[in-house]
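**Student:** My questions will all concern the structure given below.
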Amino acid sequence: MRPGLRTESRVFVALLLLCLSTATCLAASATAEQIDRGRYLVHAGGCISCHTADRPDAVPLAGGRRLETPFGIFNSPNLTPDKKTGIGGWTDGDFEAALRHGRAPDGSPYYPVFPYPAYAGINDHDVLAISAYLRSLPPVHNPVPAHDLPWYLRSRWVMLVWNLLFLDAQPFQADHARDAEWNRGAYLVRHLGHCGECHTPRNLMGARDDSRELAGNPDGPDDEKIPGIRQDRENGIGQWTIDDITLFLEMGMLPDGDFAGSSMSKVIDDNTSQLTGPDRRAIAVYLQSLAPLHSP
C-alpha cells in the first residue's frame, strides 16, 4: 500500500470510529431522556400509589398493595424487572397490550382494578417511555399474594366479556375546538391520571358510568365516598378557582385551609405534586370546563 493510501485509510477509520462514537452517545442520550420522561409519566399515572405495599419498608413499585373492592381483594403486581415476580422479560409490545387492552403477556386479560380502560388513551410515545423507565429499575424479588375473589371471578377469562362490553381501546383524540392547554388537561384527567376511575360512579358490573363522568362515587375503593370534581357547587368544585385547584394538586390544601386526607393524600404525594406547574394548571383548566352533574 502506498504511504498516501495508508494515511487516507487511517483517517477514514478514525472518522468512522468518531461517527460511531457520536451515534452511540446520541443513542444513550435519547435513552436517558426517554427513561427520565418515563419516570415523570409513572408519577403522573399514579403507578406508585397502587403498586407499592402499604408498609414503611416497602420498595416503590414492587407491588403487594392490598386493594379492597366490591368485587373482592386485589393485590397489586410487582412492576420492577424481576424475572420471576415482576416484569422482567416484558417487551414494548407487552406494555402496549397491558396498558391499552388490559392483556397480560400470556394473552390472559387483566381485571379492571388495573385502570387500563383509562390508560387505553395513552399515546405511543408515552407508552414507550413508561416501558423504558420501568425496565430501568433495579429488579426486586417480591412474590405478591394471589387475589382473593368470589368464585365467579376467579378465572380471568370472564373479563373477555367485560372488555367486549365496556373497553374502548381508542387513543386520545384532541378536540381541535379547544386550545393546547385544555387538551393537555383532558389527556391527563381522562387517561394518564385516570381520575374517573375513582371519581366516577360505577354500574353493577363495575364499569364506569361515563354519563356521570367525574360526578363523584359513593362506593369508592376501601368503602370511601369519593367527591365529584365537576363544576357542581354542592357536590363538586364549582366554587374553586383555577388557583385553588392547582394549589390543591400541588400540596393538598383545600380553599378553606384544610388539607386532603384519606386516599387523596397519597395521590397528591405520589402523583399530582410531582407534576410540572403547567400540567397542574392544564388539569385545572380542564376541570373548570366541565358542566355540573350529580352523583346518585
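**Student:** Here are some residues: Trp162, Trp157. Which one is touching a strand residue (DSSP E or B) at 6+ places or on another chain (Cβ under 9 Å), within 23 Å of Arg65 (Cβ to Cβ) and in a helix (DSSP H, G or I)?
**Tutor:** Only one candidate qualifies: Trp162.
**Student:** Within region 76-90, identify whether any single residue is assigned to a strand (DSSP E or B) and touching a helix residue (DSSP H, G or I) at 6+ places or on another chain (Cβ under 6 Å), and answer yes or no. Reasoning before the result, please.
**Tutor:** Just the residues of region 76-90 that are assigned to a strand (DSSP E or B), to begin with: none.
No - not one qualifying residue is present in region 76-90.
**Student:** Also: Quick one: how many residues across region 69-121 are charged (D, E, K, R) and touching a residue at least 60 places away in the same chain (Cβ under 8 Å)?
**Tutor:** Within region 69-121, residues that are charged (D, E, K, R) and touching a residue at least 60 places away in the same chain (Cβ under 8 Å) number 2.
**Student:** Assess whether Leu249 counts as being within 17 Å of Leu192 (Cα to Cα), among the hydrophobic types (A, V, I, L, M, F, W, C) and assigned by TED's automatic domain parsing to the domain that holds Thr200.
**Tutor:** Taking the combined requirement at face value, the residue satisfies it.
**Student:** Then there is this: Is it the case, given these coordinates, that Asp124 is in contact with a strand residue (DSSP E or B) (Cβ under 6 Å, 6 or more places away or on another chain), more than 20 Å from Gln274 (Cα to Cα) and either free of Cβ contacts under 8 Å to residues at least 24 places away in the same chain or among the acidic types (Asp, Glu) (or both)?
**Tutor:** Answer is no for this residue.
**Student:** Quick test for you: out of Pro105, Pro60, pick the one residue that is assigned to a loop (DSSP other than H, G, I, E, B), out of contact with any strand residue (DSSP E or B) (no Cβ under 9 Å at 6 or more places or on another chain) and either surrounded by fewer than 21 Cβ atoms within 10 Å (Cβ to Cβ) or not assigned by TED's automatic domain parsing to the domain that holds Val189 (or both).
**Tutor:** None of the other options fit; the residue is Pro105.
**Student:** Could you tell me whether any residue of region 16-34 is part of a loop (DSSP other than H, G, I, E, B) and modelled with pLDDT under 95?
**Tutor:** no
**Student:** So which of Ala180, Ala207, Ala215 ends up being closer than 18 Å to Asp279 by Cβ and outside the structural domain of Arg66 (by TED's automatic domain parsing)? If you could, list the steps in order and put the result at the bottom.
**Tutor:** Numbers: Ala207 fails: closer than 18 Å to Asp279 by Cβ; Ala215 fails: closer than 18 Å to Asp279 by Cβ.
So the residue among Ala180, Ala207, Ala215 that is closer than 18 Å to Asp279 by Cβ and outside the structural domain of Arg66 (by TED's automatic domain parsing) is Ala180.
**Student:** Might you let me know whether region 133-154 holds any residue that is in contact with a Leu (Cβ under 6 Å, 6 or more places away or on another chain) and either under 20 Å from Gly64 (Cα atoms) or in the same structural domain as Ala104 (by TED's automatic domain parsing) (or both)?
**Tutor:** Pass one, region 133-154, residues in contact with a Leu (Cβ under 6 Å, 6 or more places away or on another chain): 134.
From the residues that got through so far, the ones that are either under 20 Å from Gly64 (Cα atoms) or in the same structural domain as Ala104 (by TED's automatic domain parsing) (or both) too are 134.
Yes, some residue in region 133-154 is in contact with a Leu (Cβ under 6 Å, 6 or more places away or on another chain) and either under 20 Å from Gly64 (Cα atoms) or in the same structural domain as Ala104 (by TED's automatic domain parsing) (or both).
**Student:** Is it the case that some residue within region 160-169 is closer than 30 Å to Gly277 by Cα and either surrounded by 11 or more Cβ atoms within 10 Å (Cβ to Cβ) or assigned by TED's automatic domain parsing to the domain that holds Arg281 (or both)?
**Tutor:** There is at least one residue in region 160-169 that is closer than 30 Å to Gly277 by Cα and either surrounded by 11 or more Cβ atoms within 10 Å (Cβ to Cβ) or assigned by TED's automatic domain parsing to the domain that holds Arg281 (or both).
**Student:** Tell me the residue from Ile226, Ile268 that is in contact with a strand residue (DSSP E or B) (Cβ under 7 Å, 6 or more places away or on another chain) and free of Cβ contacts under 8 Å to residues at least 60 places away in the same chain, please.
**Tutor:** On the way: Ile268 fails: in contact with a strand residue (DSSP E or B) (Cβ under 7 Å, 6 or more places away or on another chain).
None of the others qualify; the one that does is Ile226.
**Student:** Can you spot a residue in region 106-126 that is of a type in the set (A, V, I, L, M) and either under 27 Å from Ala58 (Cα atoms) or in contact with a Cys (Cβ under 9 Å, 6 or more places away or on another chain) (or both)?
**Tutor:** Yes: region 106-126 contains one or more residues that are of a type in the set (A, V, I, L, M) and either under 27 Å from Ala58 (Cα atoms) or in contact with a Cys (Cβ under 9 Å, 6 or more places away or on another chain) (or both).
**Student:** Could you look through region 245-265, keep only residues that are buried (at least 17 other Cβ atoms within 10 Å of the Cβ), at pLDDT 95 or above and out of contact with any strand residue (DSSP E or B) (no Cβ under 7 Å at 6 or more places or on another chain), and pick out the one that is nearest to Leu61 (Cα to Cα)?
**Tutor:** Result: Leu249.
**Student:** Here is a follow-up. Sort out which residues of region 170-206 are in a loop (DSSP other than H, G, I, E, B), crowded, with 21+ Cβ neighbours inside 10 Å and small (Gly, Ala, Ser), and write them in order of number.
**Tutor:** Within region 170-206, just Gly193 meets the criteria.
The values are calculated or read from the model by the stated rules, or taken from the named source; none is laboratory data. For clarity, every value in this text was computed on a predicted model and none was experimentally measured. Counting neighbours? That spans all protein chains shown, and the Cβs are built from the backbone with ideal geometry, glycine included.
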